[in-house]
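All remarks here apply to the structure that follows.
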Ligand SMILES: Cc1cc2nc3c(=O)[nH]c(=O)nc-3n(C[C@H](O)[C@H](O)[C@H](O)COP(=O)(O)OP(=O)(O)OC[C@H]3O[C@@H](n4cnc5c(N)ncnc54)[C@H](O)[C@@H]3O)c2cc1C
């Protein structure tokens, strides 16, 4: 197999980083676990295969080591197929075949320079490198593609080692940048944010080895190192019947905390930002260790607001974070209220938020619902079509609450469904997709209120019967050699349990199956009028620049006073024209969002995550004046350069 | 070859700007004063100051100094950063706006600073031509 045979796959690889965590109980890549550097993980092998195919890197001896470390065990295919429908072993096979085409003894090892020698003195020989092959595996997930800079990768294990690395970088006067699991970079580096979010040369500090994790059930807190992912923390917390307010499974919690402050559907009750952070240990740019609880540090809550506050590089490296955990109730259950229009969904969700109903509460789009629960993108597309055309199901108010509150929601809602129906939808998704032209669906569509007919009325029985399926049935949509695995997997109760899925968040990266996406949206006052205005501000640019845009989810904070909205732009990041259009749409959406009072676009929350939210969101900004809006493009050009440089 | 931020460098920079740049076309008749606070200047990691003042696009003052009393000039904008960052800006490798986004510069009065970025970049482009030892 040639590298070019797998180029289509490797180019579109989204760097979701899920192959680095054991989210399906398969175990993880043993080579990755042993060697650490991204090159040894399936994600990195795919990037290497791409970089070699596109002549962005020359092979070195390290390539042999990377290639030989894989025994094609296939764990990564199971993990990756579940999320993105890709098979990393194909890229690995292509790499193995490629290596055999190289003339014997043609590969050279990379000479050490002073900096890498010093780095190795700090972390040990195995954990620092200047080898272009290892470095290339970090392209597009922290290093900008086609960057000409000189880089080093270092994997420290202790705070003291990071202190020494920062001091070393300062001594050599080169920049450094921490990396958690690289998933923020995976998204941002395809856009005009690539330059400001990265370093043009210097030391990449890969924090993956720093996995200290301690749950204290007595104080209901956890203290973690910067390599701990959301999934790992959630798992440890659940062992004590506790829950952490964490985002998608693969993100490192410390990275997420400093980057975006960690907002989730659980934020309705658990809050956001410092609502959950108790203390942090971090290292400043001089290499000094500080703590949030130190009395003499500069006010950690001070923060800039507005357009000029954008800063995508963290000012400190968090090396330890103590977070609040939350008790899990015995009677937590899910209830979903389907809607045809967004204003109706917002009305109910806001009412629930104001009354503090819903430990987890969100308005979810049809797009998210169908993409998350469908085993393949093709099924998701059919499901999406059916939901829109026949069921008129466009939004879902998605609630996890106790039994009592579930009753209240069910009383307030005209129709609703729960765990059992969601399980049917997950296991029956391929069956549903095959019913695209069925008379049952056509009959449902003719009902005056199809949602009521399906989820509350006489058709429900027929619909459930039509969907009835089993893990064995569902597994048929997977490639033959993976079917046994998927049958067993879908037989596990958690895979169809909405409470578990909301806690462990293993599904969001399914959004990246077909194309790349770019998160848009941000924080705003929780009133419906503002929310709808913001959605319009995000939708219009998508239409203007021919980008596939869709509402993702909305969650409320502070009993509905504030809202966090995610709206996504989906595009093919391997198409230069699509990238240009998406960049223009981003700029235009900023312009429109900043014109609305009290709105802070998501990017403008970045690197302010440990600060108390009040200082970022309050006072509500008045919205840019006409005059400022007139100069907006000029301002953006000044900040980001012209579009040719994006 | 003159040493970056030395008196000779400042003299040459001033001469070059006055002779080569047009106050309307290149410097957009700007009115501003800017104090760059340059930290960790080698060899002994001291702080240096680089102050410029324009009136109607005329370069009125260009001073480099290690004396912090220059702060008393109450510049309209101050930009604080590491020596390496200023070298990158002065040698045209990075715009000051990008240094700001990358968290390498701390600035006061950012809005004003951004409105004069273009003429300031032209100014930097001009002094970049000085044969400088960094
Ligand atoms: C599919 C998907 C869904 C998402 N959903 C949500 C969501 O619901 N809620 C939410 O809050 N976010 C969400 N995010 C955003 C994501 O959680 C954050 O961007 C998070 O930072 C990613 O973690 P990471 O480990 O991959 O970070 P990286 O991409 O490695 O790093 C992100 C940033 O943090 C910096 N950084 C990394 N480690 C540290 C450290 N220890 N100290 C200081 N800085 C550090 C990096 O330099 C970089 O600037 C989502 C992202 C994806 C891809």
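Just so you know, all these numbers are worked out from the coordinates, no wet-lab data involved. Quantities reported herein were computed from a predicted structural model and do not represent experimental measurements. As a convention, Cβ positions derive from the backbone with ideal geometry for all residues, glycine included, and neighbour counts pool all protein chains shown.
See the values below:
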{"quantity": "Most fluctuating residue given options B:26, B:121, B:44, as computed from a GNM of chain B linking Cα atoms under 10 Å", "calculated": "B:44"}
{"quantity": "DSSP-defined beta bridges in chain A - what % are antiparallel, rounded to 5", "calculated": "85 percent"}
{"quantity": "Rounded tilt (10° steps) of A:88-101 against the dominant C-alpha axis of chain A", "calculated": "30 degrees"}
{"quantity": "Shielding score for A:629-638, defined as the mean number of other chain Cβ atoms within 10 Å", "calculated": "3"}
{"quantity": "For the range A:437-464 versus the range A:562-603, the gap between their alpha-carbon centres in whole angstrom", "calculated": "37 Å"}
{"quantity": "Protection proxy ranking, peptides A:395-408, A:59-72, average beta carbon neighbours within 10 Å, highest first", "calculated": "A:395-408, A:59-72"}
{"quantity": "Peptides ranked, highest mean first, by Cβ atoms within 10 Å: ranges A:548-554, A:102-108, A:639-645", "calculated": "A:548-554, A:639-645, A:102-108"}
{"quantity": "Gyration tensor (alpha-carbon) shape descriptor, chain B, a/c threshold 1.5", "calculated": "rounded"}
{"quantity": "Value of relative contact order over the range A:188-301, rounded to a whole percent, pairs C-alpha under 8 Å and six or more apart", "calculated": "13 percent"}
{"quantity": "Choice from B:58, B:45, B:29 showing the highest fluctuation, given a GNM over chain B with Cα pairs closer than 10 Å", "calculated": "B:45"}
{"quantity": "Average partner coverage of A:301-308, which counts Cβ from other chains inside 10 Å", "calculated": "2"}
{"quantity": "Prolate/oblate/rounded label for the range A:1-145 (Cα gyration tensor, a/c 1.5)", "calculated": "oblate"}
{"quantity": "Cα-based helix-to-principal-axis angle, A:342-354 vs chain A, degrees rounded to 10", "calculated": "80 degrees"}
{"quantity": "Inter-chain Cβ neighbour average for residues A:543-552, partner chain, 10 Å", "calculated": "0"}
{"quantity": "Separation of alpha-carbon centers, the range A:372-435 and the range B:1-47, rounded to whole Å", "calculated": "64 Å"}
{"quantity": "Two-site label geometry, residue A:114 and residue A:476: point separation in nm, points 7 Å out along Cα→Cβ", "calculated": "6.8 nm"}
{"quantity": "Enclosed volume per residue, in Å³, of the convex hull spanned by Cα atoms of the range A:288-385", "calculated": "258 Å³"}
{"quantity": "Distance (nanometres) between label positions extended 7 Å along Cα→Cβ at residue B:65 and residue A:33", "calculated": "6.4 nm"}
{"quantity": "Cα centroid separation, the range B:65-134 to the range A:223-302 (Å)", "calculated": "35 Å"}
{"quantity": "Relative contact order computed over the range A:164-234 (Cα-Cα under 8 Å; 6+ residues apart), in percent", "calculated": "28 percent"}
{"quantity": "Folded to 0 to 90 degrees: helix A:114-123 orientation relative to chain A principal axis, Cα", "calculated": "60 degrees"}
